Each structure stands twice: as structure tokens, then as C-alpha cells.
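Here is the structure we will look at.
Derivation of every value follows stated rules applied to the coordinates shown; laboratory data play no part. These figures come from a predicted structure and were not determined experimentally. For neighbour counting, all protein chains shown are included, and Cβ atoms are generated from backbone atoms with ideal geometry for every residue, glycine included.
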Ligand SMILES: [Zn+2]
């Protein structure tokens with residue numbers, strides 16, 4: 001699998017493994033499995049898998065702040081508009097993580113697939129919860 005293709009699929013908010021989708025039910029809610037290939041997006045059943053995507057989102061937000069702040073300073077030096085910079089960056093720090101949220105997830109899956117290729121367990125369906133056995137049938 002080409003790495004470029006993996007990341008281009010992630011940037012399109014599709015499944016990085018197969019390009020299938022949609023990978024999201026809503027902006028903030030990812031499908032549990034890929035509708036195309038069945039890849040279980042949360043690849044760590046014990047939990048904690050998405051800490052990587054949260055970290056990626058944090059790094060991207062800090063990078064956006066640094067690039068925007070330094071860029072504004074360079075462009076407006078020697079008289080930077082400090083008050084406007086404070087308000088702009090405050091708005092950016094609130095909005096950027098929400099806007100970038102779905103990409104943080106798909107890009108993290110792409111990074112994870114780069115270093116930890118797919119395994120049969122990634123496609124195994126979760127077992128039926130114990131409390132739902134024995135539903136009434138007509
Ligand atoms: Zn897929």
C-alpha cells in the first residue's frame with residue numbers, strides 16, 4: 001500500500017486503508033467500522049487508541065498558533081496589533097481543534113497503519129453484548 005495514497009485518503013476523510021466511506025456519521029462522530037472494508041477504526045479494543053489523535057490535534061493546533069503568530073509578527077513588525085493578535089489567536093485556539101477534529105482521527109489511523117500494518121483482528125466484529133441475548137421473536 002502506497003503511503004501517499006494512505007494519507008490522501010485520510011485527508012479526504014475516507015478510510016485510509018481502502019478509501020471507502022463515509023468514515024463519519026457526523027463531524028464529531030466516527031463510524032465504528034469502515035463501510036467499505038470493515039476495518040475497525042478503534043484498533044485498540046482495551047481503549048486509549050484515540051489518545052494519539054487527540055495528541056495530533058493538539059500538535060496541529062499549536063503549529064497553527066505558532067505559524068499564525070510568528071507570521072503576523074513578521075508581517076506587521078515593528079508595530080504589531082497586539083490586541084487583535086490576542087483575540088484572533090483566542091478564536092483560533094477554540095475553533096481550530098473542532099474544525100481539525102475529523103482529520104486528526106483519519107490522519108492518526110493513517111500514521112498508525114504506516115507503523116502497524118493491518119491484522120485479522122482489525123476486521124473482527126465485536127461480540128454481542130451479554131445483556132442483549134434472548135430478544136423476543138414473533
Ligand atoms: Zn476501509
Below 8 Å, C-alpha to C-alpha, sequence gap of six or more: please give me the relative contact order for the chain in percent.
30 percent
With label points set 7 Å from each Cα along the Cα-to-Cβ direction at residue 82 and residue 63, the distance between them in nm comes to 3.0 nm
Pull out the extension gain between residue 116 and residue 70, defined as 0.36 nm times the separation in residues minus the alpha carbon to alpha carbon distance; nm, one decimal.
13.0 nm
If you average the sequence gap of Cα pairs under 8 Å that are 6 or more apart and divide by the length of segment 51-118, what percent do you get for the contact order?
55 percent
With Cα coordinates, the longest principal axis of the chain makes an angle with the long axis of helix 51-76, in degrees rounded to 10, of 20 degrees
Roughly how many nanometres apart are two label points built 7 Å out from the Cα toward the Cβ at residue 54 and residue 8?
3.3 nm
